[in-house]
1. Please give the calculated 222 nm ellipticity per residue for chain A, where each DSSP H segment of at least 4 residues contributes -39500 (n - 2.57) and the sum is spread over every residue; nearest 500 deg cm²/dmol?
2. Above 47 angstrom, tally the Cα pairs of the protein assembly as shown and express them as a % of all pairs, no decimals.
3. If you average the sequence gap of Cα pairs under 8 Å that are 6 or more apart and divide by the length of region C:325-435, what percent do you get for the contact order?
4. If you take the square roots of the eigenvalues of the alpha-carbon gyration tensor of region C:83-129 and sort them as a ≥ b ≥ c, do you get rounded (a/c under 1.5), prolate (a/b over b/c) or oblate?
5. Quick one: Karplus J couplings for region C:282-290, per residue in order, coefficients 6.51, -1.76, 1.60, θ = phi - 60°, nearest Hz, x for Gly and Pro?
6. So which residue, out of A:Leu150, A:Leu33, A:Leu254, gets the largest mean-square fluctuation from a GNM of chain A using Cα contacts under 10 Å as springs?
7. Expressed as a whole number of Å, what is the distance separating the alpha-carbon centroids of region A:224-243 and region A:291-310?
8. Normalising by the residue count of chain A, find the relative contact order in percent from Cα pairs under 8 Å and 6+ residues apart.
Amino acid sequence: MDLPLLSASFLAFALTMYAILDGFDLGVGILLLFQPVAASRDHMVDCITPTWDGNETWIIMAGVTLLAAFPTAYSILLPAFYLPVILMLLALGFRGVSFEFRVQTTRLRRRWDIAFGIGSLVAALMQGLILGGVVQGVTVQNGRFAGSVLDIVRPLPIISGVTLGIGYAVLGAGWLNLKANSPVQHFAKRCVRICSPAFTVLFGIACLYAARIQPFIRAKWGSHEIALTCLIAAFAAVAGTLTVLTEKLRASVLFFLGLSVFAVGISGIALIIFPDIVPCSVSLWDAASSSTSQCFVLIGAAFVTPVVLGYSAFAYWIFRGKTPEEGWGE
Amino acid sequence: MNSKKDLSHFAGLAGTTLLGAFFFFLIIGVFGLRFAITGVLAFIVGALAICHRFPAGGTEP
Amino acid sequence: MRLDPSILARIQFAFTVSFHIVFPTMSIGLASFLAVIEALWLKTKDSIYLEIYKFWLSIFAMGFGVGVVTGIVLSFEFGLGFARFAEIAGPAIGPMIALEVLTAFFLEAGFLGIMMFGLHRVGPKLHFIATCMVAVGTLISASWILSANSWMQTPAGVAIHGDHLTVLNWRDVIVNPSWPYRLPHMISAAYLTASFMVAGVGAWYLLRGIHQGFARRTVALGTAFATVLIAGQVFIGDILYGTMLKYQPPKMQAAEGFWEEKSQSPAPYYWFIIPDQPNQRNRLELGMPYLGSIWLTHSLRGRVEGLKNTPRDRQPRMAMVFYAFRIMYGLAILMFGIGVASLWLRFRGRLFASRWFLWTLVFMTPSGIIATLAGWYVAETGRQPWVIYGILRTVDAVSPVPARALLSTLIGFICVYSVFFSAFLIFTLRIIRLGPAEAPPHAEASGSLKNAFRPQVLDSPARVVSTQSS
């Protein structure tokens, strides 16, 4: 276990935390677009209001860890994904300010709800796009990005974008099932029944397409057959349970299964990309900064992350149970 | 007949302005670092004393 | 039409960072203000403090939200617009910002939910801790980011080989030469911003004769804080000036408007110039005689060093630095004057009755924001043409992104941020127009941890409850 590997693990941890936590926030936002009843929309937003900010912070953690530990990769990947990253940031911006601004008005609340929903949707799509783009590969020359900002408009990234959006919707629905009142719970369960199979199918298509266009994925299959088979089996099992047993599962189990699907998916992707950080061009070790920088981040992370997890869990615990009908307002 | 009141009012204002300008020059170090430190401390202590002593009639009407 | 990517990248970063800084400046000040107010409420049980708290909490929440989302943009924008800067400086500033996220962002975000919505779930004492945690979070955050930016201004503790930067000594990187002075300067600026915002709104109510109790208390508090703070700020500013004169001479040379290696004696203090950078002279200069020597050299006849002391390819643009500095400095003098006037009016018992003073406070409501922005423009434009002073030039740091992409995203940012800003302004003005709501007559549920576990507290509707019987 050397330093770049540890840093990469922390980076993966931050990204996973983000995908899971902000995943259900963005998912709820996406589902907002499909909820016709205004009071239910208010309730859905209430379900994520007290904890969304901490959830979103994990993406900054991931981005900054990349900058600190793998600056070369940061300087290649960000210009490569210039347009989707900026669209994602603007979308997250709309989603974030909508929390505060929508409660200031009743007349215009529906407009802010649309902004909230579209912001969440675009952010999810862009994140998937970037993920697909990473797997697809990025043109690198002399350690600099040398492609076009429009390289991302190709089938794999686009499929990945839609897949991730639907996946987040599954997470969001699971959260609502856990925290919301009866009408919204029914709505959430319907969403799970529709989105789970869609997500599974699209994920499968994306994987197959990626394997087709990227020889290194086929090579990985060859060398890690057992691990990948297990992951695929686990994925299928969890996704299947989610789809078939939606009504019969307890709310917490349902949500947990959604998280598991994501965890399995992320593990698979990580296994495939490793040991590169910019697939096929830059390995973890090539992109790593000097050990003094890595140590600083890792020591800080080692001490502070448990504290962060502690009081974050405390915040979730304070707002445990079902979200009150009349919301959190004073 | 407010001329006396006006005059004292004006004198007070002028005096305060001159004192303020003097403190300003003190604090920005025109007379040296030691005077600057003394000046900023004296100003802050004086301000706190005045705020404490004259709570600006801060109770409800 | 030929567009220059480096200019577009700079404009884009300048726009997004200028927009962003407005909001954390308010948030840092208001967070501590709210902590003080809540402490006063808990101590005195005077419901006026709860009224003040709730009023400023809603404005704080909006500002905090806009600050967070515009801040996320910046953490990625290093790479988006200035990839080479990110590649080179990443090992130095990356870990600092990573620690900022770990020790500050999570802290603020984690406790913000409790601060905003938890009063009925945790009771006053625990809630107060949440408010304090948010305030502390903003201060820790300012600390780290100022360290990162100060490292760009006065780099230390690193070794460079080509494009590869290695940190040799973290203590030198974090506690770099300018950080110990820039940090208190920024914190004071944030506190002054909040003080004048609070005092200005209060003054507005006093002029209209409404919400008297609320208004008197906030004007009294705001002016008192402002007076004490401005004295410290002017002092720190002067020390910082001397520090930057030592470590980044071109910036201070540009700031004062002098060109010649040694100015005339005695030197005036320029208030207005029309600089002609290509010809290295001023077309017009207006100033107050003797004041330059007195303020800048602490003597009656001292000579000031001008921008020609710096080679031409290392000179910042004088116009930007000069005027940004004058705006910041001018507002500081105005703030100082208001502080002195407020002391005098207190002494005379006329703090709330003097209409000209109250109107001044109203106009000075955004003064802290403008002064802070101006100060940052001095800092950043004065450091040009360097992005890391003495190490990397801005033009060499730009990303390999085509100008068309930069232009379209710049337009995108301007449009979206305009929406954010308009909404923030409209809703804030509406909150001010509606005024503080009457605070509930009874205290909230008592604040022990034990009570937080009680089912009554959990299931109680999110409205005011009467004092709990134990």
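Any read-out appearing in this document is the output of simple, stated calculations on the displayed coordinates, not a laboratory observation. From a predicted model like this one, the values you see are computed outputs, not experimental measurements. A quick note on method: Cβ atoms are made from the backbone with ideal geometry, for glycine too, and the neighbour counts reach across all protein chains shown.
1. Computed mean residue ellipticity for chain A: -27000 deg cm²/dmol.
2. Values: 100602 of 370230 pairs.
Cα-Cα pairs of the protein assembly as shown separated by over 47 Å account for 27 percent.
3. Details: 32 pairs, mean separation 23.8, N = 111.
Computed over region C:325-435, the figure is 21 percent.
4. Details: a/c = 7.65, a/b = 4.18, b/c = 1.83.
Prolate is the answer for region C:83-129, as a/c is 1.5 or above and a/b outweighs b/c.
5. These are the phi-based 3J(HN,Hα) values: 9, 6, 8, 8, 10, x, 9, x, 6 Hz.
6. Among A:Leu150, A:Leu33, A:Leu254, the largest mean-square fluctuation in the Gaussian network model of chain A belongs to A:Leu150.
7. Rounded to whole Å, the Cα centres lie 32 Å apart.
8. After rounding, I find 25 percent.
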